[in-house]
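Each remark here refers to the structure printed beneath this line.
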Amino acid sequence: MWFLALKQLRSRPSQTILTFIGITLGAAGYIVFSGLMGGYQQYMLDKLVNNDAHVRISPRDEFITRETFRGIFFPEGEIRWLSPPSGRVNYSHLTNVPSWFRRLDRDPRVLAYSPQIIRDVIFTHRDFSVPGRFIGIDPTRESQVTTIAQYMTAGSFNDVSKGISLIIVGEELMKKVGARLNDTITIVTPKGGTAPVRIVGTLRTGMRMLDERIGYASLTTVQSLTGSPGEITDIAVRLHDANKARALSEELGSGTTDRVESWDQANESILFVFRTQNIVRISTTFTIILVVAFGIYNVLNMSVNHRKKEIAILRSMGYSKNDIILLFLYQGIVLGILGSAVGMILGWAACAYIETIPIAVSGSRRGWVSVNHMLILWDAKIYVQAFAMVILSTIIASFIPARAAGRLSPLEIIRGDV
Amino acid sequence: MADLQCINLVKSLMNPPVRILNDISFDVGDGDFVAITGKSGSGKSTLLYVASGLDFPTEGRVIIGGRDIYAMPDYELNEFRNARIGFVFQFHYLLPELTSIDNVLMPARKLGRERALRGRAGELLERFGLSHCLDKRPAQMSGGEQQRVAVARALIMDPDILFADEPTGNLDSVNGERIMAMFKEINRNAGTTIILVTHELDYAAMAGRQIHLVDGRIERDTATHVKAARKNLNRSHSQ
């Protein structure tokens, strides 16, 4: 039936071309939409996974309540508090750092880890003061775990370990306190102590939250300036495979008073946004495909009505119901395959063009969110999916009118005409 | 081989309750040329459709070449229609997308024999005076030419029986006569059995045998006496 199917397609060129365009645009739309959404998500996910630690070990915030003392004093009796207990257990740093190091050293999934001490301080310079985080790190180990060293705009990340009281600050922070590179600024700790540090480098991540607040120094600098010698508050861990982060964090977290969190747990809200986006994407692309399918259905349905006489004569010369079904199914499949093939090329071209559209985020050329053009996910899977979905919907959309054509009784048509 | 037997055919409609065919029986021998006549509404077209396997009888059987065509499975009936039967209708029903030679070859295409039979298709069209129309589409031809292409299409598989339902109904007398002349020639030269429905008595007279229907019954069959004679002859042979 191929012969006749192709002849029939060619005999009504305007209809064929319109349907073809519909399928083409449908397939292209699917590809562009999926590429756009996927590009953004992949970029963000990549940043989430690679910029920060895969697993972070930090002190647990533990608060004292009535429940804390249940069963400890007077386990049998009923306790009435005049003033209920409240407060917080002092876990401002990790308790058993060497045992963490041993566990992480042994674990084959761990690529590298970096101990950190993070303290809240106030950065001051002359009359200006900015609250921020004073982070002590070992620059070599930190570079193995996070990408922070890539965002240096002046100096080198390793400079902090070249002496005591050296600091690398976010560019925004430096501006806010009115300092320049190599100026000395003052750190005010919560306990009231002050200490001078010299700015040896700046960095810009593109995230205002970080650029306005962070200052990196060596572990010993932070420990001594904030009066917490030998203390470690965080261990940032990088794994060979980021997908194993959750399993590892659950494993490490059991039986410890410290908090162990994987990157996906820490960024749950962003992942939730991704899931919402995916639902939007799927429903939109589904609608596109549905519209395409209805177009095909419409055209073939009209074609069947138009060709009733021809169906009758084909049946009378011995063509079976299935032959008639194939006649129309083939037409749908030809349109589907050609349309989605051209649609894929069109979608690819559109994606390539969209990728060049500038979306400059002001001033952030090298930061976390440092994209200056649209993001496109180039994944063969999208194209396979687009092709499969279009072909599948074409087959369904052409099978319904084709089956109706196969059911037509030749006699009724002939008799109705004569 | 291709003799056709209709046995007690009844065709009735439920709504409104009408008996279109009322207990019709007749035999057609191999190579006969039979015209079925009658007024409109006499059931002549219905008889043709039932006898050819296009329409189901309410009661009765149709036996062609020794086989009950309504007892055949679908695929066999399709093969049967394809290879053993040809149809010509009042309207030509040519496929508008195809040239006349491709239209003629459509039945052959069912079996994938369109290449093998291309020569025969050309000969048929030439024989019917259509050599100038081989590559024309139906829309480019006259009504008479279209109908002649339709006859060639009915004959491409060299059928045993040709069923024709008012094939001259849409044609002027010149073209009508031409079609009838073609039928006679086919019947004589190829030995194809022809069963023709017509209301034009002139054309019916060209057939070797006429069956006249009135209200779904056979009122007159010019071959009844011939058949009786043949039966007697057979009997005397076998004795």
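Summary of computed values
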quantity: Per-region count, the range A:64-109, residues hydroxyl-bearing (Ser, Thr, Tyr) and either exposed (fewer than 10 other Cβ atoms within 10 Å of the Cβ) or touching a residue at least 24 places away in the same chain (Cβ under 8 Å) (or both); calculated: 4
quantity: Which numbered condition B:Gly65 misses (of (1) within 12 Å of chain A (Cβ to nearest Cβ); (2) on the phi > 0 side of the Ramachandran plot); calculated: (1)
quantity: Residue ranges of strands (runs of 3 or more DSSP E) in the range A:164-266 with at least 2 members buried (at least 21 other Cβ atoms within 10 Å of the Cβ) and β-branched (Val, Ile, Thr); calculated: A:166-170, A:184-188, A:194-203, A:234-239
quantity: Selection count, the range A:8-33, where residues are within 14 Å of chain B (Cβ to nearest Cβ), touching a Ser or Thr at 6+ places or on another chain (Cβ under 8 Å) and part of a helix (DSSP H, G or I); calculated: 4
quantity: Which listed residue is out of contact with any Leu (no Cβ under 8 Å at 6 or more places or on another chain), more than 14 Å from chain B (Cβ to nearest Cβ) and surrounded by fewer than 23 Cβ atoms within 10 Å (Cβ to Cβ), from A:Ser283, A:Ser320; calculated: A:Ser283
quantity: Failed item, numbered, when B:Ile101 is tested on (1) among the β-branched types (Val, Ile, Thr); (2) within 11 Å of chain A (Cβ to nearest Cβ); (3) over 13 Å from the mean Cα position of the chain (by Cα); calculated: (2)
quantity: Lone qualifier among B:Phe80, B:Phe91, B:Phe87 - being within 14 Å of chain A (Cβ to nearest Cβ) and touching a Phe, Trp or Tyr at 6+ places or on another chain (Cβ under 6 Å); calculated: B:Phe87
quantity: Condition check for A:Ala53: free of Cβ contacts under 8 Å to residues at least 60 places away in the same chain and surrounded by 15 or more Cβ atoms within 10 Å (Cβ to Cβ); calculated: no
quantity: From the options B:Asp135, B:Asp68, residue that is surrounded by fewer than 20 Cβ atoms within 10 Å (Cβ to Cβ), within 18 Å of B:Gln5 (Cβ to Cβ) and among the acidic types (Asp, Glu); calculated: B:Asp68
quantity: Selection within the range B:109-141 - assigned to a helix (DSSP H, G or I) and more than 14 Å from chain A (Cβ to nearest Cβ); calculated: B:Gly119, B:Arg120, B:Gly122, B:Glu123, B:Leu124, B:Leu125, B:Glu126, B:Arg127, B:Ser131, B:His132, B:Cys133
quantity: Selection from the range B:68-77 of residues that are of a type outside the set (A, V, I, L, M) and more than 8 Å from chain A (Cβ to nearest Cβ); calculated: B:Asp68, B:Tyr70, B:Pro73, B:Glu76
quantity: Checklist (1) touching a residue at least 12 places away in the same chain (Cβ under 8 Å); (2) touching a helix residue (DSSP H, G or I) at 6+ places or on another chain (Cβ under 8 Å); (3) surrounded by fewer than 13 Cβ atoms within 10 Å (Cβ to Cβ) applied to A:Arg10, failing item; calculated: (1)
quantity: B:Asp3 acidic (Asp, Glu) and free of Cβ contacts under 8 Å to residues at least 24 places away in the same chain; calculated: no
quantity: Test: residue in the range A:296-315 that is crowded, with 24+ Cβ neighbours inside 10 Å, under 51 Å from the mean Cα position of the chain (by Cα), under 22 Å from A:Leu18 (Cα atoms) and more than 14 Å from every other protein chain (Cβ to nearest Cβ); calculated: yes
quantity: Checking B:Arg153 against (1) within 13 Å of another protein chain (Cβ to nearest Cβ); (2) part of a helix (DSSP H, G or I); (3) surrounded by fewer than 20 Cβ atoms within 10 Å (Cβ to Cβ), the condition it does not meet; calculated: (3)
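Read-outs: derived from the displayed coordinates by stated rules, not from any lab. Source: prediction; values computed, not measured. Neighbour counts run over all protein chains shown; Cβ positions are idealised from the backbone, glycine included.
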